[in-house]
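Visitor: Quick one: the structure is below, questions incoming.
The values are calculated or read from the model by the stated rules, or taken from the named source; none is laboratory data. Since we're looking at a predicted model, the values are computed, not measured. Backbone-built Cβ (ideal geometry, glycine too); neighbour counts: all protein chains shown. Heads up: the accessible areas ignore ligands, DNA and RNA and are worked out on the full protein's heavy atoms, side chains in. Shrake-Rupley method; radii C 1.70, N 1.55, O 1.52, S 1.80 Å.
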Amino acid sequence: LDPGTAFLLECLDLSKYANKSLLDMGCGYGLIALKAAQAGAVVTALDDDVLAVRSMQQNAKNLELDIHCIHSDVDSELAVQMFDVVLMNPPFHIGKQVLLEVPTAFIAAAYKHLKPDGELILVANKALGYETLLEMFSSWHIVSSDQQFKVLKAIR
């Protein structure tokens, strides 16, 4: 379990997303998507790694959860789908380098696919300046933080 994902899940009450459309962008093996589906959300899970998507599909099947799994580079396979909520723990490392191109693309894609008043909730390393990437949203705030991570919430 990635520590950032663990912190994100600790900070969220996923039950408030029951019956809402939710996208787990960059789902990996799908822990966020699985927890959201168990809480009653209508979940789509997306990742650019085909093995991660297959793992996500198998995990959903094992838990008898109906999760729409998509193999996609950022949002290229989402077409015009819109969501009430987007959750993410965006990758920011390429090897040992910190690069913000991927989180920048993820946040822009989340904005594009959120319904009006939709929520983007993401976890980030506390030292990373994601706040400037949220300026396109109508508002944003820090939900929680600890010595290593922060959870940010932005409203479309």
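Visitor: Restricting to segment 106-137, name every residue that is assigned to a strand (DSSP E or B) and open to solvent by 10 Å² or more (accessible area, probe 1.4 Å).
Guide: Lys115, Pro116, Asp117, Glu119, Asn125
Visitor: Something else about it: Going through Gly28, Gly4 one at a time, which residue ends up being open to solvent by less than 90 Å² (accessible area, probe 1.4 Å) and either part of a loop (DSSP other than H, G, I, E, B) or farther than 26 Å from Gln148 by Cα (or both)?
Guide: That would be Gly28, the only listed residue that is open to solvent by less than 90 Å² (accessible area, probe 1.4 Å) and either part of a loop (DSSP other than H, G, I, E, B) or farther than 26 Å from Gln148 by Cα (or both).
Visitor: Let me ask another. Can you find a residue that is touching a helix residue (DSSP H, G or I) at 6+ places or on another chain (Cβ under 7 Å), in a helix (DSSP H, G or I) and modelled with pLDDT of 90 or more anywhere in segment 87-101?
Guide: No - not one qualifying residue is present in segment 87-101.
Visitor: Got a number for residues in segment 11-33 being more than 13 Å from the chain's Cα centre (by Cα) and in contact (Cβ under 8 Å) with a residue 60 or more places away in the chain?
Guide: Number satisfying all stated conditions: 3.
Visitor: Of the residues that sit in segment 10-25 and are open to solvent by 10 Å² or more (accessible area, probe 1.4 Å) and either polar (S, T, N, Q) or not in a helix (DSSP H, G or I) (or both), which one is nearest to Asp49 (Cα to Cα)?
Guide: Ser21
Visitor: List the residue pairs whose Cβ atoms are under 7 Å apart, where the first residue sits in segment 106-129 and is modelled with pLDDT of 95 or more and of a type in the set (D, E, K, R), the second is open to solvent by less than 30 Å² (accessible area, probe 1.4 Å) and assigned to a strand (DSSP E or B), and the two are 6 or more positions apart or on different chains.
Guide: Lys115/Phe83; Glu119/Val85
Visitor: Identify the residue in segment 138-156 that is of a type in the set (Val, Ile, Thr) and in contact (Cβ under 8 Å) with a residue 60 or more places away in the chain and, among all such residues, is surrounded by the fewest Cβ atoms within 10 Å (Cβ to Cβ).
Guide: Among those residues, the one meeting the criterion is Val143.
Visitor: If you scan segment 31-75, which residues turn out to be in a loop (DSSP other than H, G, I, E, B) and over 20 Å from Tyr111 (Cβ atoms)?
Guide: Hits for segment 31-75 are Ala39, Gly40, Asp49, Leu63, Glu64, Leu65, Asp66, Ile67.
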